[in-house]
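Report on the structure given below.
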Amino acid sequence: MTSWTLPPRPPGSPPLAHAWQTLADGLLTQRLHLHLDEWRAAVAEGKVLPDVPGADVSVPAQRPSPLPATEGSAMALLEAAGLGFWWELPQRHGAESRNQHGALHRAANTAAQNILAEQSGMAWSDAVTAVSDAAAWWVGFFTVIRHRGVHHITLEPHPSPLHEQALGTAVSVVAHGMATRVLEEALRNSDDDPDVRAAYCRAIEAGICVEPELPRLIDELAELRLVDLVSTTARWRGRFTKYAGGTGAGQVE
(Lines give C-alpha, C1' and ligand atoms only; values in the text may rest on other atoms or scores of the structure.)
Protein backbone atom coordinates (compact mmCIF):
# COMPACT_ATOMS: atom_id res chain seq x y z
CA MET A 1 0.00 0.00 0.00
CA THR A 2 1.32 3.40 -0.94
CA SER A 3 1.79 5.82 1.96
CA TRP A 4 0.66 9.35 1.13
CA THR A 5 1.98 12.40 2.95
CA LEU A 6 1.35 16.09 2.49
CA PRO A 7 4.09 17.93 0.61
CA PRO A 8 6.23 20.27 2.70
CA ARG A 9 5.02 23.83 3.01
CA PRO A 10 6.97 26.27 0.81
CA PRO A 11 9.61 28.28 2.70
CA GLY A 12 8.22 31.46 4.18
CA SER A 13 4.58 30.39 3.82
CA PRO A 14 2.24 31.28 6.71
CA PRO A 15 1.04 28.68 9.21
CA LEU A 16 -2.24 27.03 8.29
CA ALA A 17 -4.08 28.80 11.14
CA HIS A 18 -2.97 32.16 9.73
CA ALA A 19 -4.34 31.20 6.31
CA TRP A 20 -7.64 30.13 7.87
CA GLN A 21 -7.83 33.45 9.73
CA THR A 22 -7.35 35.29 6.44
CA LEU A 23 -10.15 33.21 4.95
CA ALA A 24 -12.40 33.97 7.94
CA ASP A 25 -11.71 37.71 7.63
CA GLY A 26 -12.48 37.59 3.92
CA LEU A 27 -15.74 35.73 4.50
CA LEU A 28 -16.72 38.31 7.10
CA THR A 29 -16.28 41.23 4.71
CA GLN A 30 -17.98 39.32 1.90
CA ARG A 31 -21.04 38.74 4.06
CA LEU A 32 -21.17 42.38 5.06
CA HIS A 33 -21.35 43.49 1.43
CA LEU A 34 -23.81 40.74 0.52
CA HIS A 35 -26.26 41.79 3.23
CA LEU A 36 -25.56 45.52 3.52
CA ASP A 37 -28.75 46.61 1.73
CA GLU A 38 -30.82 44.21 3.79
CA TRP A 39 -29.26 45.56 6.99
CA ARG A 40 -29.79 49.19 5.93
CA ALA A 41 -33.46 48.52 5.23
CA ALA A 42 -33.94 46.96 8.68
CA VAL A 43 -32.15 49.84 10.41
CA ALA A 44 -34.18 52.42 8.46
CA GLU A 45 -37.41 50.82 9.72
CA GLY A 46 -36.17 51.36 13.29
CA LYS A 47 -38.15 48.50 14.76
CA VAL A 48 -37.29 46.06 17.53
CA LEU A 49 -35.31 42.99 16.57
CA PRO A 50 -37.79 40.24 15.73
CA ASP A 51 -35.83 37.41 17.35
CA VAL A 52 -34.20 39.25 20.30
CA PRO A 53 -37.10 40.28 22.56
CA GLY A 54 -36.90 43.90 23.72
CA ALA A 55 -33.80 44.79 21.68
CA ASP A 56 -33.84 47.81 19.36
CA VAL A 57 -31.95 47.93 16.05
CA SER A 58 -30.73 51.52 16.44
CA VAL A 59 -28.10 51.03 19.14
CA PRO A 60 -26.15 48.08 17.64
CA ALA A 61 -26.28 49.86 14.27
CA GLN A 62 -24.31 52.90 15.48
CA ARG A 63 -20.79 53.32 14.14
CA PRO A 64 -17.89 53.05 16.62
CA SER A 65 -16.43 56.19 18.16
CA PRO A 66 -13.67 57.89 16.13
CA LEU A 67 -10.09 57.11 17.01
CA PRO A 68 -8.57 59.64 19.45
CA ALA A 69 -5.65 61.99 18.85
CA THR A 70 -3.22 59.13 18.17
CA GLU A 71 -5.30 58.09 15.17
CA GLY A 72 -2.36 57.73 12.82
CA SER A 73 -0.39 55.45 15.11
CA ALA A 74 -3.40 53.43 16.24
CA MET A 75 -4.57 52.99 12.66
CA ALA A 76 -1.09 51.93 11.60
CA LEU A 77 -1.15 49.25 14.29
CA LEU A 78 -4.59 48.05 13.16
CA GLU A 79 -3.35 47.84 9.57
CA ALA A 80 -0.21 45.96 10.64
CA ALA A 81 -2.40 43.48 12.53
CA GLY A 82 -4.58 43.00 9.44
CA LEU A 83 -7.53 44.66 11.16
CA GLY A 84 -7.93 47.90 9.25
CA PHE A 85 -11.15 46.55 7.73
CA TRP A 86 -12.51 45.70 11.18
CA TRP A 87 -12.65 49.38 12.19
CA GLU A 88 -13.00 51.06 8.79
CA LEU A 89 -16.11 49.21 7.58
CA PRO A 90 -18.24 50.06 10.66
CA GLN A 91 -17.02 53.65 10.35
CA ARG A 92 -18.05 53.76 6.70
CA HIS A 93 -21.42 52.03 6.97
CA GLY A 94 -22.54 52.49 10.58
CA ALA A 95 -25.40 54.77 11.54
CA GLU A 96 -24.85 58.14 13.20
CA SER A 97 -24.37 57.92 16.96
CA ARG A 98 -27.22 59.17 19.13
CA ASN A 99 -25.26 58.92 22.36
CA GLN A 100 -27.12 55.76 23.32
CA HIS A 101 -25.39 52.85 24.96
CA GLY A 102 -27.00 49.45 24.94
CA ALA A 103 -25.92 46.07 26.25
CA LEU A 104 -23.59 45.42 23.30
CA HIS A 105 -21.67 48.65 23.78
CA ARG A 106 -21.42 48.08 27.54
CA ALA A 107 -19.99 44.62 26.91
CA ALA A 108 -17.42 46.05 24.48
CA ASN A 109 -16.37 48.78 26.91
CA THR A 110 -16.05 46.31 29.78
CA ALA A 111 -13.92 43.97 27.69
CA ALA A 112 -11.54 46.79 26.72
CA GLN A 113 -11.29 48.10 30.28
CA ASN A 114 -10.54 44.65 31.68
CA ILE A 115 -7.69 44.21 29.21
CA LEU A 116 -6.22 47.69 29.51
CA ALA A 117 -6.49 48.05 33.30
CA GLU A 118 -6.59 51.86 33.03
CA GLN A 119 -3.76 52.09 30.49
CA SER A 120 -4.69 54.74 27.93
CA GLY A 121 -3.34 57.38 25.60
CA MET A 122 -1.02 55.06 23.68
CA ALA A 123 -1.41 53.73 20.16
CA TRP A 124 -1.81 50.13 21.32
CA SER A 125 -4.38 50.96 24.00
CA ASP A 126 -6.34 53.13 21.54
CA ALA A 127 -6.26 50.26 19.04
CA VAL A 128 -7.58 47.82 21.66
CA THR A 129 -10.42 50.22 22.46
CA ALA A 130 -11.16 50.62 18.75
CA VAL A 131 -11.41 46.89 17.98
CA SER A 132 -13.50 46.30 21.08
CA ASP A 133 -15.85 49.13 20.11
CA ALA A 134 -16.10 47.71 16.61
CA ALA A 135 -16.92 44.27 18.02
CA ALA A 136 -20.28 45.60 19.21
CA TRP A 137 -21.05 46.85 15.70
CA TRP A 138 -20.10 43.60 13.95
CA VAL A 139 -22.13 41.47 16.34
CA GLY A 140 -24.98 43.97 15.99
CA PHE A 141 -24.79 43.88 12.19
CA PHE A 142 -25.39 40.14 11.99
CA THR A 143 -27.91 40.25 14.82
CA VAL A 144 -30.11 42.69 12.88
CA ILE A 145 -30.40 40.19 10.00
CA ARG A 146 -30.23 37.06 12.15
CA HIS A 147 -33.90 36.19 11.66
CA ARG A 148 -33.22 35.90 7.93
CA GLY A 149 -30.43 33.36 8.43
CA VAL A 150 -30.13 29.61 8.95
CA HIS A 151 -28.99 27.34 11.76
CA HIS A 152 -25.25 26.75 11.53
CA ILE A 153 -25.58 22.94 11.65
CA THR A 154 -28.98 22.02 10.23
CA LEU A 155 -29.12 24.93 7.75
CA GLU A 156 -32.80 25.22 8.59
CA PRO A 157 -34.15 28.79 8.38
CA HIS A 158 -35.32 31.00 11.25
CA PRO A 159 -33.24 30.03 14.30
CA SER A 160 -35.04 30.28 17.63
CA PRO A 161 -35.09 33.67 19.44
CA LEU A 162 -32.32 34.39 21.92
CA HIS A 163 -31.77 36.65 24.91
CA GLU A 164 -29.85 39.91 24.57
CA GLN A 165 -27.47 38.71 27.29
CA ALA A 166 -26.09 36.11 24.87
CA LEU A 167 -25.26 38.89 22.43
CA GLY A 168 -23.39 40.78 25.16
CA THR A 169 -21.34 37.64 25.83
CA ALA A 170 -20.69 37.31 22.10
CA VAL A 171 -19.41 40.90 21.95
CA SER A 172 -17.08 40.24 24.87
CA VAL A 173 -15.68 37.10 23.22
CA VAL A 174 -15.16 38.86 19.88
CA ALA A 175 -13.59 41.92 21.55
CA HIS A 176 -11.10 39.77 23.45
CA GLY A 177 -10.17 37.86 20.30
CA MET A 178 -9.55 41.00 18.26
CA ALA A 179 -7.70 42.72 21.10
CA THR A 180 -5.41 39.70 21.29
CA ARG A 181 -4.51 40.11 17.62
CA VAL A 182 -3.77 43.80 18.17
CA LEU A 183 -1.59 43.13 21.20
CA GLU A 184 0.33 40.38 19.43
CA GLU A 185 1.26 42.86 16.73
CA ALA A 186 2.12 45.51 19.32
CA LEU A 187 4.44 43.08 21.11
CA ARG A 188 6.34 42.41 17.89
CA ASN A 189 7.33 46.07 17.78
CA SER A 190 7.49 47.10 21.44
CA ASP A 191 10.85 45.78 22.69
CA ASP A 192 8.86 43.72 25.21
CA ASP A 193 7.01 46.65 26.76
CA PRO A 194 5.79 45.33 30.15
CA ASP A 195 2.45 47.17 29.89
CA VAL A 196 1.73 45.66 26.48
CA ARG A 197 2.74 42.20 27.69
CA ALA A 198 0.54 42.52 30.78
CA ALA A 199 -2.43 43.54 28.64
CA TYR A 200 -1.73 40.63 26.28
CA CYS A 201 -1.65 38.21 29.21
CA ARG A 202 -4.99 39.55 30.46
CA ALA A 203 -6.51 39.05 27.00
CA ILE A 204 -5.20 35.48 26.83
CA GLU A 205 -6.46 34.77 30.35
CA ALA A 206 -9.91 36.05 29.44
CA GLY A 207 -9.97 33.76 26.42
CA ILE A 208 -8.98 30.73 28.51
CA CYS A 209 -11.69 31.50 31.07
CA VAL A 210 -14.44 31.80 28.45
CA GLU A 211 -13.48 28.76 26.36
CA PRO A 212 -15.52 26.22 28.38
CA GLU A 213 -18.63 28.34 27.75
CA LEU A 214 -18.15 28.75 24.00
CA PRO A 215 -19.97 25.58 22.87
CA ARG A 216 -23.06 26.64 24.86
CA LEU A 217 -22.86 30.19 23.50
CA ILE A 218 -22.54 28.95 19.92
CA ASP A 219 -25.57 26.68 20.39
CA GLU A 220 -27.56 29.63 21.69
CA LEU A 221 -26.50 32.03 18.92
CA ALA A 222 -27.34 29.27 16.44
CA GLU A 223 -27.39 31.41 13.29
CA LEU A 224 -24.64 30.64 10.79
CA ARG A 225 -23.14 34.12 10.34
CA LEU A 226 -23.10 34.98 14.05
CA VAL A 227 -21.61 31.59 14.89
CA ASP A 228 -18.86 32.02 12.30
CA LEU A 229 -18.09 35.52 13.58
CA VAL A 230 -17.72 34.36 17.19
CA SER A 231 -16.09 30.99 16.60
CA THR A 232 -13.39 32.26 14.22
CA THR A 233 -12.57 35.31 16.33
CA ALA A 234 -12.19 33.65 19.73
CA ARG A 235 -8.89 31.98 20.58
CA TRP A 236 -10.00 28.43 21.29
CA ARG A 237 -9.50 24.89 20.06
CA GLY A 238 -12.63 24.93 17.91
CA ARG A 239 -11.79 28.14 16.09
CA PHE A 240 -11.46 26.73 12.57
CA THR A 241 -13.41 23.49 12.93
CA LYS A 242 -15.48 24.11 9.81
CA TYR A 243 -12.44 24.88 7.71
CA ALA A 244 -10.48 21.94 9.07
CA GLY A 245 -13.43 19.67 8.27
CA GLY A 246 -13.45 20.86 4.69
CA THR A 247 -17.08 22.02 4.71
CA GLY A 248 -16.43 25.72 4.13
CA ALA A 249 -18.25 28.20 6.32
CA GLY A 250 -19.60 30.09 3.32
CA GLN A 251 -21.34 27.16 1.64
CA VAL A 252 -24.83 28.66 2.02
CA GLU A 253 -23.88 31.93 0.36
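What to note about this one:
- Cβ-based net charge around residue 137, under 12 Å, with every Lys or Arg adding one and every Asp or Glu removing one: 0
- Rounded percent of accessible protein surface that carbon and sulfur make up, the stretch 17-239, 1.4 Å probe: 52
- Cut-off 13 Å between beta-carbons: net charge of the residues surrounding residue 166, Lys and Arg +1, Asp and Glu -1: -4
- Highest average packing first - 190-197, 36-43, 81-88, 142-149, Cβ atoms within 10 Å: 142-149, 81-88, 36-43, 190-197
The values are calculated or read from the model by the stated rules, or taken from the named source; none is laboratory data. From a predicted model like this one, the values you see are computed outputs, not experimental measurements. Glycine gets a Cβ as well: all are built from the backbone with ideal geometry, and neighbour counts include every protein chain shown. The accessibility values were calculated without ligands, DNA or RNA, using every heavy atom of the protein model including side chains. Shrake-Rupley method; radii C 1.70, N 1.55, O 1.52, S 1.80 Å.
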